[in-house]
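First comes the structure, then the notes that go with it.
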Amino acid sequence: MSGGAYAAGMIKPIELVIFDCDGVLVDSERIAARVQVALGAELGWPLTEDEVVDRFIGRSHAAIHDQVAVQLGPDTAAVWSERFERLHREAVDAELAPVDGLPEALDALSLPTCVASSGSHDKMRHTLGRTGLYDRFAGRIYSSTEVSRGKPAPDLFLHAAQQMGVDPEACVVVEDSRPGVHAARAAGMRAFGYAGGLTPAERLEGHDTVVFYDMRQLPHLIAERQPARHQAQPTHQI
């Protein structure tokens, strides 16, 4: 939608920014992809990094397990899942950092925020805790384990909006995966596709989606899409 349409007030003002976690808040997708490639080579399903991004990134642990089970059988899928959890945790402890520019973006945002991720609450406590981000979102963190369908279904984002008391049309979602931006669109939310990670920009593009490469740009990009009459009204983080 054009800037003129936004300024003319044809859509609702933005009231909530919903962040994915992996690859948007914490730079964990590179770690996850590396571990998945190594496991595939070891357990009999050779995958390139691009194939891992296409098949796994943005999807829940259960969805990935199901894919491995179809390819290699349930016993190997169980081994794969157990080894991934262990190896991923070890790598996170050794090298995880926030996404470049993310702390500055959060400092510049005045809108309410929350997290909605395909990861479990335990995983997010670990990754957000290791990077010093957990306290910024405590009490406003939602997992796909709380809904019946994970991304690309809209359930998780609709659940987060309901818990935050915000209409879906007044939400924007910051995502770095194709299933994530599809889920945002299916929820009737505007999407901001972060292409500074592993997912190519063309996989994020689509209706009601702004693709960007530097997380520091996010507050300005969101402000640009507020109706003009709303921009002058101060908002406060909750």
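Some points to look at:
- Counted charge near LEU72, where neighbours are those whose Cβ lies closer than 15 Å (Asp, Glu -1; Lys, Arg +1): -3
- Rounded to 5, percent antiparallel among DSSP beta bridges of the chain: 5 percent
- Mean accessible surface per residue for region 126-191, computed with a 1.4 Å probe while every protein chain stays in place, in Å²: 37 Å²
- Accessible surface of the chain, 1.4 Å probe, proportion on carbon and sulfur as whole %: 50 percent
- Taking 1.306 mPa s as the viscosity and 10 °C as the temperature, the Stokes-Einstein diffusion coefficient of region 54-161 based on its alpha-carbon Kirkwood radius rounds to 103 µm²/s.
- Surface exposure of region 1-120, expressed per residue as accessible area with a 1.4 Å probe, stands at 43 Å².
- With the simple spin-label model, which puts each label point 7 Å out from Cα in the Cβ direction, the ALA38 to ARG86 separation comes to 1.2 nm.
- Applying 1/(1 + (r/R0)^6) with r as the Cβ-Cβ distance of ARG136 and THR48 and R0 = 35 angstrom yields a FRET efficiency of 0.50.
- Sorted peptide list for 27-33, 41-47, 66-72, criterion being average Cβ within 10 angstrom, highest first: 27-33, 66-72, 41-47
- Acute angle (nearest 10 degrees) that the helix 121-130 long axis makes with the longest principal axis of the chain, alpha-carbon atoms: 80 degrees
The values are calculated or read from the model by the stated rules, or taken from the named source; none is laboratory data. Since the structure is predicted, the reported quantities are computational estimates derived from the model, not experimental observations. Every residue, glycine as well, gets a Cβ built from its backbone with ideal geometry; the counts of neighbours run over all protein chains shown. Ligands, DNA and RNA are excluded from the accessible area calculation, which covers all protein heavy atoms including side chains. Shrake-Rupley method; radii C 1.70, N 1.55, O 1.52, S 1.80 Å.
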